[in-house]
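J.: Have a look at this one.
Bear in mind these aren't lab numbers, they're just calculated from the coordinates by the rules spelled out. All values reported here derive from a predicted model rather than from experimental measurement. FYI the Cβ positions are ideal-geometry reconstructions off the backbone, even for glycines, and counts take in every protein chain you see.
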Amino acid sequence: MKRMETDVVVVGGGATGTGVIRDCALRGMACVMIEKNDLASGTTGRNHGLLHSGARYAVNDPESAAECISENRILKRIARHCVEDTGGLFVTLPDDDTEYHKRLVKGCRAVGIDYEEIDVSAALKIEPNLNSGVLTAMKVPDGTIDPFRLAASNVLDAKEHGAEIRTHTEMVRCIISGDRVVGVLCRDNLNGELFEIYSKIVINASGVWGRRICETAGVPLTMYPSKGSLVIIDYRVNNVVINCCRKPFDGDIIVPGDTVSLIGTTSKKIDYDRIEELDVDDDEIEVLLAGGEKLIPNVSRTRVLRAYSGVRPLVSRSGDVDGRDITRGIVLIDHEAENGVKGFITVTGGKLMTYRLMAEWAVDLACEKLRVDVPCTTHERPLPGSETPSNRPVPHYFDGISKSVLGSAHYRHGERMDHIFSKDKKSYGLVCECEMVTAGEVEYALKNLCVKDMIDLRRRTRLGMGPCQGELCSYRTAGLFNDLGAADEQTAIRMLKDFFEERWKGVKPVLWGDTLREIEFTYWIYQGLFGLGGVPDEDEPI
Ligand SMILES: Cc1cc2nc3c(=O)[nH]c(=O)nc-3n(C[C@H](O)[C@H](O)[C@H](O)COP(=O)(O)OP(=O)(O)OC[C@H]3O[C@@H](n4cnc5c(N)ncnc54)[C@H](O)[C@@H]3O)c2cc1C
């Protein structure tokens, strides 16, 4: 069996794991990150992308609120190209008690969140689609953050500082020697090969899967997985994040994101053995649309594009409580101190938004154990793409690229867009019209951002995430994979099929109206014209 050696192995390629691997690499440690699927394919790719101001937790979970506001300020600096500084509103709906507004003001003041109480008329100016009957309004420094871009940028920086990244590689179990975890047994999920990585420390950053990883090291971790579902509507109906001013409940927030808006979220406690069952139930969609409608009337009459769900990696140390009540604070476990197992650390809980701090704590602990005396710098060092401190104008490269195409590339890759366009005009060609993804961007992602297939590519570029959901861009992309030598014809066709199977999961729960018409058209093209449904799944030739 192949065997590798390193200082630190990081398990999990969500926000937390990608933050940890970047921090390890920046402190000069030899490190390898393994992710069983793709970057941000777990909970990190299945949330609202809300850059919390902390106000949502200011009343009930001040510890988490304080972490959020501090990281909010840092991420606006270091991850500029992943963040949209939209601002946010908390509004009291006509049927709600205005008492909560007062408690929220008090909570924000205690935690140090810059809030501003404003008149309803001022709120309606900021957000003209808002329910005009709201009773109170308050401005907070909420924003949005793109989790896919964030994970990819952390990994890009880690790689540039010597880290090894292995996506589609699963940790099968910890390798134990005496009272110490000395490495991990892995499987390459693309070819089935087993291999071992020996390391001085293993950091378990596998989110809600954390309990399973701990079990292979013989230590317990009690998790309270809570499923949350969201719906996406295909217009950006709000400029700023809109929150209901009351204790968090189902359908109480609308977050703008790129060209769409998201209504969130439900919270259902689920059994641990169901963490991979991510179906969105009909009743959840109804609740979310009804809740969204209270904030922005008519929202449910826009076209609903998709619905999806994720599972919160909650750890409660105070017994069995409801998902909404468990702290979103960070959980860092030194298994040597807690369970007598050396060389093993778990970091979980927290939020997308506190991923950097989670990484800092975990790597500080690893450094202490390895006697590495290098301080954390991730709070001041910009991510690749966010290097320029002020908004420089979008550069114009060569004749023949439209400003909007350049703007889209800049929006997604920040300063790294310089690496996307070459003098070869082929690189300007649009592959995905909805999201304005060019052939140059696809090539850049394939070369630099750990893309193995079309589903990975979607997470790096938004290709196929727009209103047509891949209808017009996907066959061109499969062709491009083949042109660029990233897949032979057979593999490219299978990738195309897998891409639609994956897109279909999110469309299936919302099949009515225009979404049904659009998907029917897609079906005619790919099944009727191309016969994609007849492609065999396994190794038989097509
Ligand atoms: C509905 C919902 C809405 C949310 N909204 C927000 C929000 O708006 N803002 C916010 O800040 N937070 C939000 N959160 C919380 C946030 O999404 C999570 O706290 C965060 O993404 C967790 O990141 P993570 O990296 O720890 O876990 P994950 O993203 O789940 O990453 C863990 C990774 O480990 C991998 N893995 C598992 N087992 C193995 C193995 N054996 N080998 C290798 N790899 C493995 C998985 O494939 C996965 O990619 C929300 C959560 C939910 C569910």
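J.: Tell me, rounded to the nearest percent, the portion of alpha carbon pairs in the stretch 433-506 spaced more than 13 Å apart.
T.: 60
J.: Phe195 to Glu293: FRET efficiency via 1/(1 + (r/R0)^6), r the Cβ-Cβ distance, R0 45 Å, to the nearest 0.05?
T.: The pair Phe195/Glu293 has a calculated efficiency of 0.30.
J.: Quick one: in the stretch 193-304, what % of C-alpha pairs are over 22 Å apart?
T.: 49
J.: Need one number: the % of Cα-Cα pairs in the stretch 89-204 sitting beyond the 16 Å mark.
T.: 75
J.: Can you pull the one-decimal nm distance between simple spin-label points at Tyr272 and Arg77, each 7 Å off the Cα toward Cβ?
T.: 4.0
J.: Can you compute 3J(HN,Hα) from phi for each residue in the stretch 117-122, using the Karplus curve 6.51 cos²θ - 1.76 cosθ + 1.60 with θ = phi - 60°, rounded to whole Hz and x for Gly and Pro?
T.: So the Karplus estimates, Gly and Pro as x, are 6, 10, 5, 4, 5, 5 Hz.
J.: Given a Förster distance of 41 angstrom, what is the FRET efficiency for Ala337 paired with Lys505, based on the Cβ-Cβ distance and rounded to 0.05?
T.: Numbers: r = 41 Å, r/R0 = 1.01.
Once the sixth-power term is evaluated, E becomes 0.50.
J.: A follow-up question, please. Return the calculated 222 nm mean residue ellipticity for the chain, to the nearest 500 deg cm²/dmol, obtained by summing -39500 (n - 2.57) across DSSP H runs with n ≥ 4 and dividing by the residue count.
T.: That comes out to -10000 deg cm²/dmol.
J.: Specify which residue in the list Val431, Leu305, Ala79 is farthest towards the positive end of the charge dipole of the chain, using unit charges on the beta carbon of Lys, Arg (+1) and Asp, Glu (-1), about the Cα centre.
T.: Comparing the listed Cα positions along the dipole, Ala79 ranks first.
J.: I need the P(r) histogram for the stretch 403-534: all alpha carbon pairs, bin width 10 Å from 0 out to the longest distance, whole percents.
T.: Per 10 Å bin, starting at 0, the Cα pair percentages come out as 12, 44, 32, 12, 0.
J.: Extending each Cα 7 Å along its Cβ direction at Glu538 and Thr222, get the distance between those two points in nm, one decimal.
T.: 4.4
J.: Rounded to the nearest Å, what's the spacing between the alpha carbon centres of the stretch 489-532 and the stretch 160-203? Just the number, please.
T.: If you average the Cα positions of each part, the centres end up 36 Å apart.
J.: For the stretch 31-124, take the alpha-carbon Rg, divide it by the Kirkwood Rh, and send me Rg/Rh.
T.: 1.06
J.: Let me ask something additional. Suppose R0 equals 25 Å; then what is the FRET efficiency for Arg301 and Phe521 from their Cβ-Cβ distance, rounded to the nearest 0.05?
T.: Working: r = 21 Å, r/R0 = 0.86.
For Arg301 and Phe521, the calculated efficiency is 0.70.
J.: Roughly how many Å is it from the Cα centre of the stretch 1-79 to that of the stretch 234-297, as a whole number?
T.: So the two Cα centres are separated by 23 Å.
J.: I'd like to compare 495-505, 410-420, 145-155, 170-180: which one has the highest average count of other Cβ atoms within 10 Å, and what's the full order after that?
T.: Most protected by this proxy first, the peptides run 145-155, 410-420, 495-505, 170-180.
J.: Right, something else. Quick one: what do you get for the chain if you divide its Cα Rg by 2.2 N^0.38 Å?
T.: Dividing the Cα Rg of the chain by 2.2 N^0.38 Å gives 0.96.
J.: What Kirkwood Rh does the stretch 268-318 have if only Cα atoms enter the pairwise 1/r average? Answer in Å.
T.: About 13.2 Å for the stretch 268-318.
J.: At Val374 and Leu529, where each label point lies 7 Å from the Cα along Cα→Cβ, what is the point-to-point distance in nanometres?
T.: Simple spin-label model gives 5.3 nm for this pair.
J.: Which of the peptides 532-540, 126-134 is most tightly packed, and how do the rest follow, judged by the mean count of other Cβ atoms within 10 Å per residue?
T.: Peptide ranking by packing, descending: 126-134, 532-540.
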